[in-house]
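Working notes for the structure below.
The values are calculated or read from the model by the stated rules, or taken from the named source; none is laboratory data. Computed from a prediction, not measured in an experiment: that's the story for all the values here. Note: ideal-geometry Cβ built from the backbone for every residue, glycine included; neighbour counts use all protein chains shown. Side chains included, ligands, DNA and RNA excluded: accessible areas come from the protein's heavy atoms. Shrake-Rupley method; radii C 1.70, N 1.55, O 1.52, S 1.80 Å.
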Amino acid sequence: MPQQHPPRSHAIHARVRSYSRAGGRLTDSQARALERYGDRYVIDVPRADAIRTVDPAFRLDPAAAFGHVGQLRPLIVEVGSGAGEVILAHAAAHPGVDYLAVEAWETAIAKLVAGAAKAGLRNLRVVPADAAQLLATALPVGCASEVWVFFPDPWRKPRHRKRRLVTAAFADSVARVLRPGGVWRLATDWADYAWQMRDVLEAASALPEGLEADCTGPYFRFPDAGARPDLGADTAEEGSLGNGFDPGSPAGVRGGWSPRYPGRVLTRFEEKGIRAGRTIRDLTAVRTGEMWVPLRREAVAL
Ligand SMILES: C[S@@+](CC[C@H](N)C(=O)[O-])C[C@H]1O[C@@H](n2cnc3c(N)ncnc32)[C@H](O)[C@@H]1O
């Protein structure tokens, strides 16, 4: 079913958006896929004011959305799934797990729906929303066993970096939705975004012994903090925005990179990064048992 959008308002310009487009011209077959299978796969979201916003009073019940109230099944949330290569492959391979894609761009949503319908998937849904808002309020606390953020929009220009999704406030929202022992997986081909992710994880995590004192009541463990320090150092180019030296560590010695997540199939975005000679970096954090406290969010959101 085609999405009904509220009229554009000034609010869409006032908010910080980590995505560059929400609407888009659909091909006939994409429009048909949404028309035909939207009811099955797309979760309707009451909006706060503008397209992709989320009414703060909205609560999404995953069990109801997947049609198995009362059953306990693992839930994996992928933020910014794009056309859905990774989540579609996983959902097909693991029918006992539920997969929730959160995506802002209509064309990507249509491709995902078409792919899910073609594969006859029953364990995948897509939420057309700004993930930063959805994870902050709408999903239940502790509902997810994994959260994936693969190749988020890099916002390369220094003046655009404030639009990046992975920030301390977003880490707080991921901590909110992950259950204890749940895993946050990230990957990027953009060096200074990788360092930003690493810094965000370090700030919210208990680090391996000897690296730094634990922060009080950390929401995450970051077991690969300091690992693989040389990754990408050989491709570093001074002054390059994409693959330059780590500003936190001029020779790239701080590391923090995990082995490539084997469950991540090669997507168009990763392929593009590899073709351009950029280093792909994965990061992984594990949710501790520390209870999520709403009041702490105010401190990180400032
Ligand atoms: C560069 S693409 C990567 C797609 C996919 N993860 C991959 O690896 O191929 C980033 C995607 O994230 C989506 N996105 C960015 N910010 C978002 C947000 N706040 N909420 C939902 N989707 C978002 C964009 O629309 C885009 O489809």
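Quick one: is residue 185 open to solvent by 40 Å² or more (accessible area, probe 1.4 Å), modelled with pLDDT under 95 and in contact with an Asp or Glu (Cβ under 9 Å, 6 or more places away or on another chain)? Even if it seems obvious, please write down each step before you answer.
Working: open to solvent by 40 Å² or more (accessible area, probe 1.4 Å): yes; modelled with pLDDT under 95: no; in contact with an Asp or Glu (Cβ under 9 Å, 6 or more places away or on another chain): yes.
Criteria not met by residue 185.
Kindly indicate whether residue 147 is modelled with pLDDT under 95, more than 8 Å from the ligand (Cβ to nearest atom) and either under 27 Å from residue 289 (Cβ atoms) or outside any helix (DSSP H, G or I) (or both). Walk me through it before giving the result.
Working: modelled with pLDDT under 95: no; more than 8 Å from the ligand (Cβ to nearest atom): yes; either under 27 Å from residue 289 (Cβ atoms) or outside any helix (DSSP H, G or I) (or both): yes.
No: the conditions fail for residue 147.
Output the residues belonging to the stretch 82-100 that are farther than 16 Å from residue 144 by Cα, within 16 Å of the ligand (Cβ to nearest atom) and open to solvent by 10 Å² or more (accessible area, probe 1.4 Å).
Hits for the stretch 82-100 are 82, 83, 85, 88, 89.
Can you name the number of the only condition in (1) near the ligand (Cβ under 9 Å from one of its atoms); (2) outside the structural domain of residue 273 (by TED's automatic domain parsing) that residue 170 fails?
(2)
For the stretch 211-251, name all the residues that are modelled with pLDDT under 60, farther than 18 Å from residue 154 by Cβ and open to solvent by less than 20 Å² (accessible area, probe 1.4 Å).
Within the stretch 211-251, 249 is the sole residue that qualifies.
Restricting the stretch 30-47 to residues that are among the basic types (Lys, Arg) and at pLDDT 95 or above, which is least open to solvent (accessible area, probe 1.4 Å)?
Kept after step one, since they are among the basic types (Lys, Arg), are these residues of the stretch 30-47: 32, 36, 40, 47.
Remaining after also requiring at pLDDT 95 or above: 32, 36, 40.
Values: 32: 151, 36: 178, 40: 125 Å².
That would be 40.
(1) surrounded by fewer than 22 Cβ atoms within 10 Å (Cβ to Cβ); (2) modelled with pLDDT under 95: which one isn't true of residue 52, the others all being true?
Tallying (1) surrounded by fewer than 22 Cβ atoms within 10 Å (Cβ to Cβ); (2) modelled with pLDDT under 95, residue 52 fails exactly one: (1).
Conditions tested, residue by residue: (1) out of contact with any Cys (no Cβ under 7 Å at 6 or more places or on another chain); (2) near the ligand (Cβ under 9 Å from one of its atoms); (3) at pLDDT 95 or above.
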position: 75; (1), (2), (3): no, no, yes
position: 102; (1), (2), (3): yes, yes, yes
position: 114; (1), (2), (3): yes, no, yes
position: 117; (1), (2), (3): yes, no, yes
position: 125; (1), (2), (3): yes, no, yes
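Specify the residue that is nearest to residue 111 (Cα to Cα); the eligible residues are those in the stretch 57-73 that are open to solvent by 60 Å² or more (accessible area, probe 1.4 Å) and not charged (D, E, K, R). Lay out the reasoning, then the answer.
Going through the stretch 57-73, the residues open to solvent by 60 Å² or more (accessible area, probe 1.4 Å) turn out to be 57, 59, 61, 67, 69-73.
Imposing the further condition that a residue be not charged (D, E, K, R) reduces the set to 57, 67, 69-72.
Working: 57: 29, 67: 23, 69: 28, 70: 31, 71: 29, 72: 29 Å.
If we take residues in the stretch 57-73 being open to solvent by 60 Å² or more (accessible area, probe 1.4 Å) and not charged (D, E, K, R), then 67 is nearest to residue 111 (Cα to Cα).
Given the condition open to solvent by less than 10 Å² (accessible area, probe 1.4 Å), within 27 Å of residue 72 (Cβ to Cβ) and not in a loop (DSSP other than H, G, I, E, B), answer yes or no: does some residue in the stretch 195-204 qualify?
Keep residues of the stretch 195-204 that are open to solvent by less than 10 Å² (accessible area, probe 1.4 Å), which gives 197-198, 201.
Now restrict to residues that are within 27 Å of residue 72 (Cβ to Cβ): none.
For the stretch 195-204, residues open to solvent by less than 10 Å² (accessible area, probe 1.4 Å), within 27 Å of residue 72 (Cβ to Cβ) and not in a loop (DSSP other than H, G, I, E, B): absent.
So which of 63, 131 ends up being under 28 Å from residue 32 (Cα atoms), modelled with pLDDT of 95 or more and near the ligand (Cβ under 10 Å from one of its atoms)?
Numbers: 63 fails: near the ligand (Cβ under 10 Å from one of its atoms).
When all the criteria are applied, what remains is 131.
Which number in (1) of a type outside the set (A, V, I, L, M, F, W, C); (2) within 14 Å of the ligand (Cβ to nearest atom); (3) in contact (Cβ under 8 Å) with a residue 60 or more places away in the chain marks the one condition that residue 160 misses?
Unmet for residue 160, out of (1) of a type outside the set (A, V, I, L, M, F, W, C); (2) within 14 Å of the ligand (Cβ to nearest atom); (3) in contact (Cβ under 8 Å) with a residue 60 or more places away in the chain: (3).
Could you list, in sequence order, the residues of the stretch 21-32 that are in contact with a helix residue (DSSP H, G or I) (Cβ under 6 Å, 6 or more places away or on another chain) and part of a helix (DSSP H, G or I)?
Passing the criteria: only 30.
So that you can scan it fast, the table gives a plain yes or no per residue for (1) open to solvent by less than 30 Å² (accessible area, probe 1.4 Å); (2) at positive phi:
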{"site": "258", "(1), (2)": "yes, no"}
{"site": "261", "(1), (2)": "no, no"}
{"site": "267", "(1), (2)": "yes, no"}
{"site": "277", "(1), (2)": "no, yes"}
{"site": "280", "(1), (2)": "no, no"}
{"site": "296", "(1), (2)": "no, no"}
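For the stretch 121-142, indicate whether the set of residues that are charged (D, E, K, R) and more than 13 Å from the chain's Cα centre (by Cα) is non-empty.
To start, the set of residues in the stretch 121-142 that are charged (D, E, K, R) comprises 122, 125, 130.
Next, from what is left, pick out any that are more than 13 Å from the chain's Cα centre (by Cα): 122, 125.
Yes, some residue in the stretch 121-142 is charged (D, E, K, R) and more than 13 Å from the chain's Cα centre (by Cα).
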